[in-house]
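Structure record follows, encoded as structure tokens.
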Amino acid sequence: VQLQASGGGLVQAGGSLKLSCAASGSVLRFNTMGWYRQAPGKERELVARISRSVGTKYADSVKGRFTISRDSAWKKVYLEMSSLKPDDTAVYYCKVNSAWGEVWGQGTQVTVSS
């Protein structure tokens, strides 16, 4: 399985971006699809995830501003980001989990200027 993330870029504070992540190759039955981010000098953290069993979960810092969604086949996951803040600047990674383990995408840079 390979994950290809896209949609990052440079945006002004208050702006919006939509990230996409598509799975290819031997696509397994994913149980969870999610987005994480890592800012310089900080640990990687959960942004949002969507699970077959428990639905969606968001980091407190993005609640009300970000929305995670997926396609009906569970092969693509999206992250719509609005009201972006400079603190949202990070490399964003998608990740999927299946019964066989987890797979990470390569990351896409999001930079929010003040």
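Below are the figures for this structure:
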item: The range 32-59 residues that are over 24 Å from W100 (Cβ atoms), paired with ones that are part of a loop (DSSP other than H, G, I, E, B) and open to solvent by 50 Å² or more (accessible area, probe 1.4 Å) (beta carbon under 9 Å, 6 or more apart); result: R37/R44; Q38/R44; Y58/G64
item: Within the range 1-51, considering residues that are open to solvent by 80 Å² or more (accessible area, probe 1.4 Å) and among the small types (G, A, S), the one modelled with the lowest pLDDT; result: S26
item: Complete set of residues in the range 98-110 that are within 21 Å of S6 (Cβ to Cβ) and surrounded by 15 or more Cβ atoms within 10 Å (Cβ to Cβ); result: V103, G105, G107, T108, V110
item: Residues located in the range 52-70, provided they are more than 24 Å from S113 (Cβ to Cβ), over 13 Å from the mean Cα position of the chain (by Cα) and open to solvent by less than 40 Å² (accessible area, probe 1.4 Å); result: G55
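The values are calculated or read from the model by the stated rules, or taken from the named source; none is laboratory data. The structure displayed is predicted, hence computed values, not measured ones. No Cβ is skipped: glycine too gets one built from the backbone with ideal geometry, and neighbour counts run over all protein chains shown. Note: areas computed on protein heavy atoms with side chains; ligands, DNA, RNA excluded. Shrake-Rupley method; radii C 1.70, N 1.55, O 1.52, S 1.80 Å.
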